[in-house]
Amino acid sequence: MIRNGHGEAGAAGRRVPAGQRAVRVWCDGCYDMVHYGHSNQLRQARAMGDYLIVGVHTDEEIAKHKGPPVFTQEERYKMVQAIKWVDEVVPAAPYVTTLETLDKYNCDFCVHGNDITLTVDGRDTYEEVKQAGRYRECKRTQGVSTTDLVGRMLLVTKAHHSSQEMSSEYREYADSFGKCPGGQNPWTGVSQFLQTSQKIIQFASGKEPQPGETVIYVAGAFDLFHIGHVDFLEKVHKLAKRPYIIAGLHFDQEVNRYKGKNYPIMNLHERTLSVLACRYVSEVVIGAPYSVTAELLSHFKVDLVCHGKTEIVPDRDGSDPYQEPKRRGIFRQIDSGSDLTTDLIVQRIIKNRLEYEARNQKKEAKELAFLEAMRQQEAQPAGETD
């Protein structure tokens with residue numbers, strides 16, 4: 001078990017009155033290529049109780065039931081641990097959620113999104129806890145899925161960027177993805193993400209820097225928010241006794257200028273939520289200037305500016321984007337100790353392209369078969385049996 005050290009009241013929940021038992025909530029899943037949809041599910045689950053325990057499946061279990069995961073189990077454990085609504089992570093959680101697991105971790109109920117998770121033989125993994133009345137459901141986040149993100153990487157199009165019109169190629173992909181003989185899947189298909197102010201408020205801490213806190217500014221794309229980003233932010237967080245980390249996220253067009261190809265894979269709105277969900281980040285600047293200016297440093301009263309070991313691409317005019325913080329003597333380069341980059345993740349996907357495409361088709365067919373069986377069951381007159 002990996003605890004996040006927030007005590008029984010957890011990271012962002014109500015304080016449990018003395019003498020009253022905390023409501024303990026269980027979530028589980030693969031949490032492969034963790035995105036803001038996963039974070040939003042965990043945020044909703046945390047709001048249903050006082051202490052959130054998240055079980056994460058092993059590589060072996062995922063390969064058996066779904067197909068090859070993109071990230072290793074160690075990477076996935078650490079990613080989930082970095083989400084601010086999670087109090088405890090249970091590695092190697094069983095793929096099928098049982099009452100025995102809930103009882104072992106003293107959890108009142110488990111929470112899952114309003115989609116389905118099936119075993120290798122097409123059974124609902126939450127069947128047992130549903131029948132026992134220890135299952136709660138939360139809303140699935142529209143507009144994002146691991147399947148969609150993988151599709152964006154393989155398609156090499158910029159249609160997902162925030163200022164782009166959907167191209168005919170991407171529209172065709174979006175219309176056909178999540179379709180196989182027999183119908184369209186409501187869970188695996190592609191839908192467009194629509195950012196709202198409410199969603200940002202739900203993810204944001206809402207806290208301003210307090211006297212005595214060290215304001216640290218970091219900037220970048222933070223695309224496909226991953227373990228390399230987490231390792232970097234964790235190191236930055238340890239630089240001060242009371243850190244207040246502000247992450248500046250560059251516009252999609254700016255990221256595309258210095259990264260090329262079809263980067264960023266996630267648009268600015270999506271990247272904002274991914275970074276806000278991280279426990280080490282206090283605030284996000286949505287569409288930060290590429291060069292860290294004197295105005296920005298003064299506005300946020302920045303004490304320290306940090307950058308990782310990745311290449312620093314000059315600004316459009318050829319200048320160093322960290323010229324001003326360097327001049328002030330407040331710039332630090334941090335070695336995260338991780339060599340994982342967004343490029344490497346995309347390479348992993350492309351290398352295993354055929355396996356991932358086969359995995360998605362297999363998953364879809366299984367879900368559609370389950371849907372059809374449920375429809376037939378509902379259509380059957382009461383009292384009639386086969």
Round to the nearest 10 and report in Å² the accessible area of HIS269, as given by a 1.4 Å probe over the protein chains' heavy atoms. 80
On the full set of protein chains, 1.4 Å probe, figure out the accessible area of HIS226 and give it in Å² to the nearest 10. 10
Skip the ligands, DNA and RNA, and give the accessible area per residue of region 24-137 with a 1.4 Å probe, whole Å². 34
Potential extension, ALA63-GLN142 segment - 0.36 nm per residue separation minus Cα distance: 25.9 nm
Relative contact order (percent) for region 24-137, with alpha-carbon contacts under 8 angstrom and 6 or more residues of separation? 30
On full extension of the chain, what length is gained from ILE2 through GLU74, given 0.36 nm per residue of separation minus the C-alpha to C-alpha distance? 24.8 nm
For region 328-338, 3J(HN,Hα) per residue [Karplus equation, 6.51 cos²θ - 1.76 cosθ + 1.60, θ = phi - 60°, Hz, x = Gly/Pro]: 7, x, 10, 9, 10, 9, 10, 8, 6, x, 10
At a 1.4 Å probe, what is the % contribution of carbon and sulfur to the accessible area of region 202-333? 50
Put ARG375, ARG327, ARG76 in order of accessible area, largest first, probe 1.4 Å, and you get ARG327, ARG375, ARG76
With every protein chain present, what accessible area does LYS139 have (1.4 Å probe, heavy atoms only), rounded to the nearest 10 Å²? 150
Of ILE2, ILE345, ILE286, ordered by accessible area with the largest first and a 1.4 Å probe, the sequence is ILE286, ILE2, ILE345
As a test of reading the structure, rank THR272, THR98, THR196 by solvent-accessible area (1.4 Å probe, protein chains only), most first. THR196, THR98, THR272
Simple Cβ-charge dipole of region 202-333, Lys/Arg +1 and Asp/Glu -1, about Cα centre, in debye nearest 20: 400
From the phi angles alone, apply the Karplus equation (6.51, -1.76, 1.60; θ = phi - 60°) to region 225-241 and give each ³J(HN,Hα) in whole Hz, x where the residue is Gly or Pro. 2, 9, 4, x, 5, 4, 4, 5, 5, 5, 5, 4, 4, 7, 6, 10, 5
Pop a pseudo-label 7 angstrom from the Cα along the beta-carbon direction at both ILE350 and LEU99 and give the gap in nm to one decimal. 5.1
So which of LYS78/LYS309; LYS207/LYS301; LYS259/LYS309; LYS199/LYS301 end up more than 24 Å apart by C-alpha? LYS199/LYS301
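The values are calculated or read from the model by the stated rules, or taken from the named source; none is laboratory data. The structure displayed is predicted, hence computed values, not measured ones. Cβ sites come from the backbone with ideal geometry, for glycine too, and all protein chains shown count toward neighbours. Note: accessible area is taken over every heavy atom of the protein model, side chains too, but ligands, DNA and RNA are not part of it. Shrake-Rupley method; radii C 1.70, N 1.55, O 1.52, S 1.80 Å.
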